1. Does segment 79-99 include one or more residues that are modelled with pLDDT under 95, closer than 26 Å to residue 236 by Cα, under 17 Å from the mean Cα position of the chain (by Cα) and part of a loop (DSSP other than H, G, I, E, B)?
2. What residue, of 163, 83, is within 20 Å of residue 245 (Cα to Cα), touching a residue at least 24 places away in the same chain (Cβ under 8 Å) and of a type outside the set (S, T, N, Q)?
3. Suppose we keep only residues that are touching a Phe, Trp or Tyr at 6+ places or on another chain (Cβ under 9 Å) and closer than 16 Å to residue 50 by Cβ within segment 98-119. Which one would you say is surrounded by the most Cβ atoms within 10 Å (Cβ to Cβ)?
4. I'm checking my understanding of the structure. Among residues of segment 151-195 that are in contact with a Leu (Cβ under 6 Å, 6 or more places away or on another chain) and of a type in the set (Ser, Thr, Tyr), which one is farthest from residue 226 (Cα to Cα)?
5. Given the condition in contact (Cβ under 8 Å) with a residue 60 or more places away in the chain, within 28 Å of residue 102 (Cβ to Cβ), of a type outside the set (D, E, K, R) and in contact with an Asp or Glu (Cβ under 8 Å, 6 or more places away or on another chain), answer yes or no: does some residue in segment 179-187 qualify?
6. Run residue 221 past the list (1) of a type outside the set (A, V, I, L, M, F, W, C); (2) part of a strand (DSSP E or B); (3) surrounded by 19 or more Cβ atoms within 10 Å (Cβ to Cβ) and report the number of the one that doesn't hold.
7. Scan segment 205-228 residue by residue and report those that are farther than 27 Å from residue 19 by Cβ and touching a residue at least 12 places away in the same chain (Cβ under 8 Å).
8. Test each condition in (1) free of Cβ contacts under 8 Å to residues at least 60 places away in the same chain; (2) in contact with an Asp or Glu (Cβ under 9 Å, 6 or more places away or on another chain); (3) more than 18 Å from residue 48 (Cβ to Cβ) for residue 202 and report the one that comes out false.
Amino acid sequence: MKSGYTSLYATRVLGDRVTSYSEFQSLRIPQPIKDYHTRISKERDDSNYMISTFESQALVFLARAIGAKRVLEIGVYVGYSAMIWSHAVGPQGKVTGLECNEEYAKLAQETWKDQGYENIDVHVGPAAETLTKLADISEPYDIIFIDADKTGYSGYLRQILEMSAPGAKNRLLRPGGIIAADNTLRQGLVVDTTPDNPWRPADFDNPESFQAIAVAAINEYNDLAGDNDRLETFLVPLWDGLHLSRLVD
């Protein structure tokens, strides 16, 4: 199962204990959603694409803290995080997913149907294209969650800002809305690519390696968000990094 561990403590054992305590003291995730997380973690080799249950608690808290009712998710995988957002916004809220992988989208839709979720839909195709084709943005989103291909992050941010122009009648994200981007520390590689980082892959010096490309893309995104006058940002050093940006206009 994907861990919610953060290395802010002296030992892994202490970090695990603090994380477990924090999870226990935090709001509850419905058991059927947790069971789905457990099953996917056991059955799929790519289950690391899911957010952890600990991060899920934080996202539910965030959504409810700002009174979110509409969430756009870029990168659905097999539907776990969309159910988290649906739980956060309630049955009267709306969750829209963008997913380029047809297999993932199909599995997600089957799961939502089986679990009785009626307020989630998914658009299949490259997010850079489906973003511009969303049928109804007369009511803007409160939160946009980016958890897809890392090389697309900066492009998605530019599109979101362009489609959320100040004063526009139809805008993608409301003023004060949140853009939450996952995996924005990339196992610490965004700040430490030396051999001191135990998660540094052996082929990292190859600029064409998967991880080197992803880290470069995430660094670009972090800088782009942090330097934008329309955004207030906070990079959370938990999980694999959660970059929160508030759209000020």
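The values are calculated or read from the model by the stated rules, or taken from the named source; none is laboratory data. Bear in mind the structure is a predicted one, so any value in this text is a computation, not a measurement. So basically every Cβ, Gly included, is an ideal-geometry build from the backbone, and we count neighbours across all protein chains shown.
1. No, because not a single residue in segment 79-99 is modelled with pLDDT under 95, closer than 26 Å to residue 236 by Cα, under 17 Å from the mean Cα position of the chain (by Cα) and part of a loop (DSSP other than H, G, I, E, B).
2. Residue meeting the stated conditions: 163.
3. The qualifying residue surrounded by the most Cβ atoms within 10 Å (Cβ to Cβ) is 99.
4. Step by step, filter segment 151-195, then rank; the result is 164.
5. yes
6. The one condition residue 221 does not meet is (2).
7. 213, 217, 220, 224, 228
8. (2)
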